[in-house]
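To keep things clear, I will list the structure first and then write my remarks on it.
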Amino acid sequence: MDKETFAVLKILPEGGTEGDEIPLGYGNIGSYKGQLIDIDGDGAGTTEDGHTIRDIRRRGKAKLMLRFDNLTTAEFSALMKAISRDKFQLTYFCGEFKTISAHAGDRNFELIKASGEKDGRWRLDVNFIEY
């Protein structure tokens, strides 16, 4: 797989079409971490004698923690607009490409280079959480 054509993840607004995708590749991803979470139901817990009881309702729910570095103002604005929706389609890589419905958790941003409105550079830390 060629590094130029390999997009680590793509965001597509819920109900959008392929033309609405925002591809995010190697050039601006500074950190890419993932976590697969098992969701337990109400019956989970630990008994008095120390046995763990699992009531797994859903396995492998994805949480992605990303840092985007050196975004132009236009890239930053487009990304913030895309992830401000309540729900969007997210294609990410975890050994293979997977597409999930997700939402953005906390968004932390920083202006790292102020050179005028068009030439500014931004950093964005964001968590993407699977629905």
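The values are calculated or read from the model by the stated rules, or taken from the named source; none is laboratory data. Just so it is clear, the model here is predicted, and its values are computed rather than measured. Backbone-built Cβ (ideal geometry, glycine too); neighbour counts: all protein chains shown. The area values use the complete protein model at the heavy-atom level, side chains included, leaving out ligands, DNA and RNA. Shrake-Rupley method; radii C 1.70, N 1.55, O 1.52, S 1.80 Å.
Quick notes on this one:
- Within region 58-79, the set of residues being open to solvent by 50 Å² or more (accessible area, probe 1.4 Å), polar (S, T, N, Q) and more than 19 Å from Ser31 (Cα to Cα) comprises Ser77 only.
- Failed item, numbered, when Thr52 is tested on (1) modelled with pLDDT of 70 or more; (2) surrounded by 11 or more Cβ atoms within 10 Å (Cβ to Cβ): (2)
- Within region 92-104, the set of residues being open to solvent by 20 Å² or more (accessible area, probe 1.4 Å) and touching a residue at least 40 places away in the same chain (Cβ under 8 Å) comprises Phe93, Cys94, Ser101.
- Some residue of region 108-130 being touching a helix residue (DSSP H, G or I) at 6+ places or on another chain (Cβ under 7 Å), in contact (Cβ under 8 Å) with a residue 24 or more places away in the chain and open to solvent by 60 Å² or more (accessible area, probe 1.4 Å): yes
Here's the yes/no breakdown for (1) in a strand (DSSP E or B); (2) at pLDDT 70 or above:
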position	(1), (2)
Gly15	no, no
Lys33	yes, yes
Ile39	yes, yes
Gly95	no, yes
